[in-house]
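Data block below; observations after.
The values are calculated or read from the model by the stated rules, or taken from the named source; none is laboratory data. Here the structure is a predicted model, which is why all the values come from computation and not from measurement. So basically every Cβ, Gly included, is an ideal-geometry build from the backbone, and we count neighbours across all protein chains shown.
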Amino acid sequence: MLEEVTYHQQTFFMTLFVKARGQRLADNNYRYRDGAPITEYYYNCGKALGNIHELSKGYTPVHRRNHFFDKYNAGTIHQLIPDSLSLLKERLAALLKALEGLDRSQESYGMIHFDYNDGNYMIDYDTGQITVYDFDNSCFGWYMYDLADLWRSGVGWIAAEPDAEKRKAFMDAYFQTVLEGYRSETRIEDDMLQKLPLFIQAVLMEQVVDALERMRNNGEDPVCDEELSYCIKCLEDDIPYLGFFHEIYSCEEPFEYEERHIGWDMG
């Protein structure tokens, strides 16, 4: 089911997919299916991810796929992060060092989605079943990274709540339901779960690196908007959990911080 086409001395490969049943959550205005509690959705998000990771634990690749440290390493950080963000460089170097010391056994490390969010799966509104797609960024990494990304996905449900304690109570309950679904498909060790704050910082690192890389590759004016500045601030000041329970967070302007201008040698 692969078509090869050559055009102007360039080769393109095309394939066709069957569209998954249902809709993305955003296409249904973030309303879940009628008659079912939203906790079913949280559970199914964890269950679908757990199924992917369980399959990964038995997967032997035929062709090499990138590993996390192929892109996220001291060399890349040094070249990409401008000197004007020296504190960020220092914090990311420490974060990478902490990650390098983690277990990479078959139970904790394997092929991960690396972009698991509600924009990359369909929900069957008759059954609640989730069909995941967009595996373009998949790489070998810690299963806990995808779980941290899923934790981040949950903040949108309670982002407008002004009380930090209520936000924390919600996130604890949300993630517990996610883990129940996840553990219905595969195992996750408690010692890895305790590293959730570390992996949330890794998720932030990916977001910052990706944004700076795109700006540099496109030759754009190196300006950090409010959202990117917020991520950098959390990394620089080592503020855990996206700053979601910290005074830096504002429910009126979620995940925004003062814009900062940076400079680098575009040559």
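Structure above, values below:
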{"item": "Verdict on residue 40 being touching a residue at least 12 places away in the same chain (Cβ under 8 Å), more than 29 Å from residue 140 (Cβ to Cβ) and surrounded by 12 or more Cβ atoms within 10 Å (Cβ to Cβ)", "result": "yes"}
{"item": "In region 89-104, the residues that are among the acidic types (Asp, Glu) and farther than 18 Å from residue 67 by Cβ", "result": "90"}
{"item": "Single residue of 151, 157 found to be within 20 Å of the chain's Cα centre (by Cα), of a type outside the set (Lys, Arg) and surrounded by 20 or more Cβ atoms within 10 Å (Cβ to Cβ)", "result": "151"}
{"item": "Criterion: touching a residue at least 60 places away in the same chain (Cβ under 8 Å) and surrounded by fewer than 20 Cβ atoms within 10 Å (Cβ to Cβ) - qualifying residue of 141, 101, 119, 181", "result": "119"}
{"item": "Residues that are closer than 14 Å to residue 117 by Cα and either more than 22 Å from the chain's Cα centre (by Cα) or among the aliphatic types (A, V, I, L, M) (or both), drawn from region 16-30", "result": "25, 26"}
{"item": "Cβ-Cβ under 6 Å pairs, at least 6 apart or on other chains, region 1-25 side modelled with pLDDT of 95 or more, far side of a type in the set (Phe, Trp, Tyr) and not in a loop (DSSP other than H, G, I, E, B)", "result": "4/13; 5/12"}
{"item": "Selection count where residues are small (Gly, Ala, Ser) and exposed (fewer than 13 other Cβ atoms within 10 Å of the Cβ), scope region 211-240", "result": "1"}
